[in-house]
Structures are given as C-alpha cells and as structure tokens.
Amino acid sequence: MATLSNLTSAERVDAALAAPGLLVLDVYTQSCVICRRIEPMVAAVAVASEGAVRAHKLDAERHAEFAAKHDIRSVPTLLLFRDGQLIDRRSGFSTASALRDWIGAKAHTSIGTDRIMSAHKLVDAPEAPQPPGPFSHATVIGPWVYVSGMGGLDPKTGQVVSDDVIEQTRQTIVNLEAILAAAGCTLQHVVKATVYLTDMADYPRVNKVYGEAFAHNKPARTCVAVSALPVRERMKIDLIAYREGK
C-alpha cells in the first residue's frame, strides 16, 4: 500500500532507525495542512524505489523528545537517515521529482522518474471545473485519493455560481462528487476533509450544507479561516478518501 506507516511509539522509532539502508522520516503535526500534501509524495518516492528507500511518518507533538533532539522547529520536516545516521534534512518539497533528486544527491543513489510516475495516477474530472493552476483534480496512490481544494465554481464558466456562501457550498459538494466519481469513489469513502472560510461568520450556514452532504459519513474534519480565496470564493474544501480493496 502506497502510504506511510506512522511511528506511534518510541520503540517503533528505535526499530526504524536501527534497520539498515535509507530512511526518510516525515515529521508532521495533525494541524499542518502542508504536511498532508507532502505525505503522498514521500510515499510515491518510497514505492518507486522498489525497496531502496523506506519511509515513515512521525507526529512531532507525540514525540516531543525526538523533535527536540533533532531540533525540529517547524513542520513538515523530512529527515534522511542512512544506516541509522542522520545525513540531511529539508523543510519540504513542491514535487515528488524534487524529493527524489534530494534523496539521490544526498545518498548517492538513483530513483527513476518513470517508476515514481507509475506509482500514482492523476485524476482529471471532465464534469468538474478545470483547475486554474498547474495541478490536477486529484492524485490517487494505491487506495488513497487526495482531492485538491475545490470551491463553488461553475464547471462551464470557471466562476463562482453565486456570491452567496450557501450556493457556493452546494456547488462545491457537486464538484467534489464529480472528482471523487472520476477517481472511482464517493463521499462515503471520504476519511478527512478540510474546510476553508474567508469569514468564520459563514460557519453555521456552510456547516448545515456540509452536514447534509455527509449525513451518512462523518469523516474527520478541520475548519480554518483564511484571508482570501481565488475568484470571489468564500469557501473551499479539500478531501482525502480511501477506496478499500483498490
């Protein structure tokens, strides 16, 4: 399965560090949004290495002593170990290719780009608004589906369907369902959601529409306030889904 195992105890951390070879340790916190974007890239590189690189994740808040020992001051931080010895660290990456190149340069090894690309699939959902930037609707790695942030945009115009936050939320749910369908799943498969609001006063109204959509599935969720969103969006949602058996 192309996902990172979580080191939940000091014993598991010690065992991971004691194993020979290359280890990428993805240090994160539950509240870190960027950490959720880094994790699938680390998993993809580990899969593509065909055993040359091991990868795990570690919660900095649960392992405060480890974080202090290795001077972890911000997350995400990636630690690269070789035979249990720390050889380098980085605060994050924008692409899996950059991550692969970093590992290769520091560990004097090579991980082929073609194998990384075969480890994940980019999803394009024709019925959803086209992404306004260089990113896909979703990335699939094994049974995991990582859906990009989506707002209440009209798929035909690329503009918000209305300045009303309720109408934007309803259209957001429709857009997310289209993306999930293109990835082979539904709202029932969602295990984590993040809601972004430009005004926390909108929370009760957005929450009502959201609650109706997820009435039969209440995934873990985070709601954060942001200063602004593109194209007059007042809200946006990104998702992580799990397709069992894929």
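Please specify each residue of segment 216-238 satisfying the condition of being touching a residue at least 24 places away in the same chain (Cβ under 8 Å) and either outside the structural domain of residue 185 (by TED's automatic domain parsing) or part of a loop (DSSP other than H, G, I, E, B) (or both).
Taking segment 216-238 and keeping what is touching a residue at least 24 places away in the same chain (Cβ under 8 Å), we get 216-217, 219-238.
Passing the criteria: 216, 217, 219, 226, 227, 228, 229, 230, 231, 232, 233, 234.
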Restricted to segment 50-75, and to residues that are more than 21 Å from residue 15 (Cα to Cα) and not basic (Lys, Arg), which residue is surrounded by the fewest Cβ atoms within 10 Å (Cβ to Cβ)?
-> 74
Please go through segment 204-246 and pick out each residue that is of a type in the set (Lys, Arg) and in contact with a Ser or Thr (Cβ under 8 Å, 6 or more places away or on another chain).
-> 205, 221, 234, 236
Residue list for segment 186-227, filter: small (Gly, Ala, Ser) and either in contact with a Gly (Cβ under 6 Å, 6 or more places away or on another chain) or surrounded by 11 or more Cβ atoms within 10 Å (Cβ to Cβ) (or both) = 193, 213, 220, 225
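Quick one: in segment 79-94, which of the residues that are touching a residue at least 24 places away in the same chain (Cβ under 8 Å) and out of contact with any helix residue (DSSP H, G or I) (no Cβ under 7 Å at 6 or more places or on another chain) is farthest from residue 52 (Cα to Cα)?
Among those residues, the one meeting the criterion is 79.
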Checking residue 194 against (1) in contact with a helix residue (DSSP H, G or I) (Cβ under 6 Å, 6 or more places away or on another chain); (2) closer than 23 Å to residue 121 by Cα; (3) of a type outside the set (Gly, Ala, Ser), which test does it fail?
-> (1)
Could we say that residue 224 is closer than 28 Å to residue 143 by Cβ and in contact with a strand residue (DSSP E or B) (Cβ under 9 Å, 6 or more places away or on another chain) here?
-> yes
Hey, does segment 156-163 have a residue that's β-branched (Val, Ile, Thr) and either within 18 Å of the chain's Cα centre (by Cα) or closer than 26 Å to residue 35 by Cα (or both)?
-> no
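Given the structure, is residue 97 surrounded by fewer than 21 Cβ atoms within 10 Å (Cβ to Cβ) and free of Cβ contacts under 8 Å to residues at least 40 places away in the same chain?
yes
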Name, by its number, the condition in (1) surrounded by 14 or more Cβ atoms within 10 Å (Cβ to Cβ); (2) over 15 Å from residue 146 (Cβ atoms) that does not hold for residue 9.
-> (1)
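The values are calculated or read from the model by the stated rules, or taken from the named source; none is laboratory data. Everything numeric here is computed off the predicted structure, so don't read it as measured data. Glycine also receives a Cβ, built like all others from the backbone with ideal geometry; neighbour counts cover every protein chain displayed.
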